[in-house]
Amino acid sequence: METRETPARTAVPHDPLALVDEVSGWLTTDAAEVDAKITGEDRDRLIDGVRKLNAESLVGDQAAFYAQQLLLARIYQMHTVLPETTTAEGSVFVSEVTRLLEEATAQVEDDWIEPGLLEQAPEEPRAYLSWLKQLARGHRVFKHPYYHEFIRNQADADDLRNYVMQESVVDGRFDDLLAMMQVGTSGRAKMEIAANFWDEMGNGDPDQVHTLLFNKIYEVFEIPPEELERSLTANALLSGNLAVMLSRYRKFYPEAVGFLGMTEWMVPDRFVQVVHAWERLGLPDIGIVYHRLHITVDSQHAAGWFHNVVLPAAESAHMRRAIARGTLWRLNSSARYLDERMPVAAA
């Protein structure tokens, strides 16, 4: 992968986390005040710092990669969590930082796609759908040993505790991702996303809302909210950031179709392994309701998603390419995330 040119300035912070903390410190300040105070050399210094962070991440610097994704995750919290205080949402400065982080993140995911692969997609919608599924079945992530060997047969309670925290970036807010991505849709696609969302809402029963059920796992493992961010790895943060980025922007709607659709398609097989581990360890049943439920529900969701969201969209060459792009972003990023989990969990 090629590195981007970085402007040569001298006052750029060398500590990636120091840059993250400095920019993050402005996220609870009114947008107008942020833009009034971050000007001139200070603004140039921080923007250059973000560019440097991206360049270092692009060439494999793991500290920079972690800082890059942590900063993007903190910015996204302004758009996904109801604030208790003033925020910088709408700040021109924060918007520029966000755009730089998003562009760099997207570039890396595109670089992971095999050259020419997107051009191999069939034009006929049903053939295209079969091709997408075959891409997934042939990908090394499809039956990854993290689930089929480690989680199923070797993981202890601490491993499952860590697993749950890493998965919180997607599972813990899947309902909000669906709510964001459905804006502007119509017809069969909108109805399918709405039906999926309503299932996430427990079909109207507050006690059965899926995010509430997922949070029961936190109670079993006594996971306080402040521990979650500290526990997340760079690749876990990336998984959550990709899901938010693709869901919140209308230009990325087809990528979200591929990304979230593939997420749901892979869930049942993965969660079978998690349930097996949970039962093997004799952990409290209240903590595994979410995973048991999604083994069945997500099989149905994936089938409906492919039929009602992917197939109608696949009439368009633009949509076919973008859906495949989002699918590969999910497969490739998930593979790297699970590769990372193996040595960490087994250490």
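Might you check whether a residue that is part of a loop (DSSP other than H, G, I, E, B), surrounded by 14 or more Cβ atoms within 10 Å (Cβ to Cβ) and of a type outside the set (Lys, Arg) occurs anywhere in the stretch 48-56? Before the answer, list the steps.
In the first step, residues of the stretch 48-56 are kept if they are part of a loop (DSSP other than H, G, I, E, B); the result is none.
Scanning the stretch 48-56 turns up no residue that is part of a loop (DSSP other than H, G, I, E, B), surrounded by 14 or more Cβ atoms within 10 Å (Cβ to Cβ) and of a type outside the set (Lys, Arg).
Here is a yes/no grid of residues against (1) assigned to a helix (DSSP H, G or I); (2) of a type outside the set (Gly, Ala, Ser); (3) buried (at least 21 other Cβ atoms within 10 Å of the Cβ):
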residue: ALA63; (1), (2), (3): yes, no, no
residue: GLN68; (1), (2), (3): yes, yes, yes
residue: MET78; (1), (2), (3): yes, yes, no
residue: THR85; (1), (2), (3): no, yes, no
residue: GLY90; (1), (2), (3): no, no, no
residue: THR98; (1), (2), (3): yes, yes, no
residue: GLU102; (1), (2), (3): yes, yes, no
I'd like the full set of residues that are farther than 20 Å from ALA155 by Cα and free of Cβ contacts under 8 Å to residues at least 24 places away in the same chain, limited to the stretch 260-300.
GLN300
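Among the candidates ARG292, ARG330, ARG336, ARG280, which residue alone is among the basic types (Lys, Arg) and buried (at least 23 other Cβ atoms within 10 Å of the Cβ)?
Working: ARG292 fails: buried (at least 23 other Cβ atoms within 10 Å of the Cβ); ARG336 fails: buried (at least 23 other Cβ atoms within 10 Å of the Cβ); ARG280 fails: buried (at least 23 other Cβ atoms within 10 Å of the Cβ).
From the options ARG292, ARG330, ARG336, ARG280, the qualifying one is ARG330.
State whether the residues of the stretch 247-254 include one that is touching a residue at least 24 places away in the same chain (Cβ under 8 Å) and either in the same structural domain as ARG74 (by TED's automatic domain parsing) or aliphatic (A, V, I, L, M) (or both).
Step one: filter the stretch 247-254 for residues touching a residue at least 24 places away in the same chain (Cβ under 8 Å), giving 247-248, 250, 252-254.
Narrowing further to those that are either in the same structural domain as ARG74 (by TED's automatic domain parsing) or aliphatic (A, V, I, L, M) (or both): none.
No, the conditions are met nowhere in the stretch 247-254.
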Restricting attention to the stretch 121-131, does a residue exist that is under 29 Å from THR80 (Cα atoms) and either modelled with pLDDT of 95 or more or outside the structural domain of PHE306 (by TED's automatic domain parsing) (or both)?
no
Considering the stretch 30-43, residues that are under 17 Å from LEU19 (Cα atoms) and assigned to a loop (DSSP other than H, G, I, E, B), and then whichever is farthest from the chain's Cα centre (by Cα), we arrive at THR39
For LEU311, state whether it is aliphatic (A, V, I, L, M) and outside any helix (DSSP H, G or I).
no
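Of these, ARG99, ARG74, which one is among the basic types (Lys, Arg) and in contact with a Leu (Cβ under 7 Å, 6 or more places away or on another chain)?
Among ARG99, ARG74, only ARG74 is among the basic types (Lys, Arg) and in contact with a Leu (Cβ under 7 Å, 6 or more places away or on another chain).
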Answer yes or no as to whether ARG248 is buried (at least 20 other Cβ atoms within 10 Å of the Cβ) and in contact with a helix residue (DSSP H, G or I) (Cβ under 8 Å, 6 or more places away or on another chain).
no
Those residues of the stretch 130-184 which are β-branched (Val, Ile, Thr) and outside any loop (DSSP other than H, G, I, E, B) amount to ILE151, VAL164, VAL169, VAL170
Taking the stretch 144-171 and keeping only residues that are modelled with pLDDT under 95 and within 17 Å of ARG330 (Cα to Cα), one is left with GLN166, GLU167, SER168, VAL169, VAL170, ASP171
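Kindly check whether there is at least one residue in the stretch 77-89 that is in contact with a Lys or Arg (Cβ under 8 Å, 6 or more places away or on another chain), among the charged types (D, E, K, R) and outside the structural domain of ARG230 (by TED's automatic domain parsing). Explain how you work it out, then say what you get.
Of all residues in the stretch 77-89, those in contact with a Lys or Arg (Cβ under 8 Å, 6 or more places away or on another chain) come to 79-80.
When the remaining residues are screened for being among the charged types (D, E, K, R), the result is none.
Checked against the condition, which is being in contact with a Lys or Arg (Cβ under 8 Å, 6 or more places away or on another chain), among the charged types (D, E, K, R) and outside the structural domain of ARG230 (by TED's automatic domain parsing), the stretch 77-89 yields no hits at all.
One line per residue, one yes/no per condition, for (1) within 19 Å of the chain's Cα centre (by Cα); (2) at pLDDT 95 or above; (3) within 25 Å of TYR337 (Cβ to Cβ); (4) buried (at least 22 other Cβ atoms within 10 Å of the Cβ):
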position	(1), (2), (3), (4)
ILE288	no, no, yes, no
GLN300	no, no, no, no
LEU311	no, yes, no, no
SER316	no, yes, no, no
Somewhere in the stretch 143-154, is a residue more than 18 Å from VAL267 (Cα to Cα), among the basic types (Lys, Arg), surrounded by fewer than 16 Cβ atoms within 10 Å (Cβ to Cβ) and in the same structural domain as LEU283 (by TED's automatic domain parsing)?
no
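The values are calculated or read from the model by the stated rules, or taken from the named source; none is laboratory data. Just so we're clear, the structure is a prediction, and the values are computed from it rather than from any experiment. Positions of Cβ are backbone-derived with ideal geometry, glycine not excepted, and every protein chain shown enters the neighbour counts.
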